[in-house]
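**Q** Structure incoming, see below.
The values are calculated or read from the model by the stated rules, or taken from the named source; none is laboratory data. Bear in mind that the values here come from a model prediction, so they are computed numbers and not experimental data. Quick note on the areas: whole protein, heavy atoms, side chains included, nothing else; ligands and nucleic acids left out. Shrake-Rupley method; radii C 1.70, N 1.55, O 1.52, S 1.80 Å.
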Amino acid sequence: MVAMQDKPLAAVFHQMGSGSGAFPPVVENYERGKTIFFPGDPAERVYFLVKGAVKLSRVYEAGEEITVALLRENSVFGVLSLITGHRSDRFYHAVAFTPVELLSVPIEQVEKALKEDPDLSILMLQGLSSRILQTEMMIETLAHRDMGSRLVSFLLILCRDFGLPSSDGITIDLKLSHQAIAEAIGSTRVTVTRLLGDLRQDEMISIHKKKITVHNPVALSQQFT
């Protein structure tokens, strides 16, 4: 097998389905807000995110749902069973944060590919390391009781993971509704609309066709420290 670091991860997923007796990857599409899997669902497939963003969250007994990660394109998820070494049910609630396109393969095929090529294991670990860092940042964000600080922290995470340099600053390459932002940070649409309006009035951000541009991330972070 060709060294995995020399190949796009999407090509690796397609290759997993090319062997004898293997099933080709399934293309799955979800509209924004649709559930990909629930906590407690059987962990039968591993997912590769081709387009869009996926929100992972934990649901607690009281009904509270906490966002732990926002996955970007070229992310792999649904791999917890591979880490624990035994088949387990889903731990997270996975939801399409934007319209998404996924590739999915049976978990047995991923296990086989990991055993055959250690380079793939390294790629998986690199992706998981990045997600763990983002999860820690999300936890810090949600620790803010003040919703203004919580929103700013969330925007800075999006700048890091989804930002594109532009003439006006950093444009978050996601079409974000106020409701989607509110759900991610545990707020309400009305509150998010008001807070975004304040940031626009202060010329910290601008919004065009639901894409947010942060004009100066450093200044924004300093204002709310």
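**Q** Can you give me the solvent accessible area of PHE91 with a 1.4 Å probe, rounded to the nearest 10 Å²?
**A** 90
**Q** Can you sort THR98, THR188, THR135 by 1.4 Å-probe accessible area, starting with the largest? Provide the component values of the computation, followed by the final result.
**A** Values: THR98 10, THR188 75, THR135 30 Å².
Listed by decreasing accessible area, they come as THR188, THR135, THR98.
**Q** Continuing with the same structure: In percent, what relative contact order does region 154-225 have, based on Cα pairs under 8 Å that are 6 or more apart in sequence?
**A** In percent, rounded to a whole number, it is 35.
**Q** Follow-up question, since we're still on this one. At a probe size of 1.4 Å, how large is the accessible area of ARG72, to the nearest 10 Å²?
**A** 100
**Q** Here is a further query. Go through GLU116, GLU61 and list them by solvent-accessible area, largest first, probe radius 1.4 Å. Before the final figure, lay out the partial values.
**A** Values: GLU116 110, GLU61 195 Å².
So, going from the largest accessible area down, we get GLU61, GLU116.
**Q** Considering amide H positions built from the backbone, and no H for Pro or chain starts, which residues 5 or more places from ARG45, or on another chain, come under 5 Å of its amide H?
**A** ILE107
**Q** Accessible area per residue of region 130-222 at 1.4 Å probe, in Å²?
**A** On a per-residue basis, region 130-222 sits at 53 Å².
**Q** Need one value: the accessible area of LYS210 in square angstrom, 1.4 angstrom probe, rounded to the nearest 10.
**A** Rounded to the nearest 10, that gives 120 Å².
**Q** Now for a different question. Apply the a/c threshold of 1.5 to the C-alpha gyration tensor of region 69-225 and tell me whether it is rounded, prolate or oblate.
**A** Prolate, because a/c is 1.5 or more and a/b exceeds b/c.
**Q** Still on this structure, please answer the following. For a 20 Å ceiling on Cα separation, which of these pairs sit above it: LYS34/LYS112; LYS51/LYS115; LYS51/LYS112; LYS55/LYS211; LYS34/LYS209; LYS55/LYS210?
**A** LYS34/LYS112; LYS51/LYS115; LYS51/LYS112; LYS34/LYS209
**Q** Right, here's the next one. Could you tell me which of rounded, prolate or oblate describes region 42-123, using a ≥ b ≥ c as the square roots of the eigenvalues of the alpha-carbon gyration tensor, with rounded for a/c under 1.5 and, failing that, prolate when a/b is larger than b/c and oblate otherwise?
**A** Oblate, because a/c is 1.5 or more while a/b does not exceed b/c.
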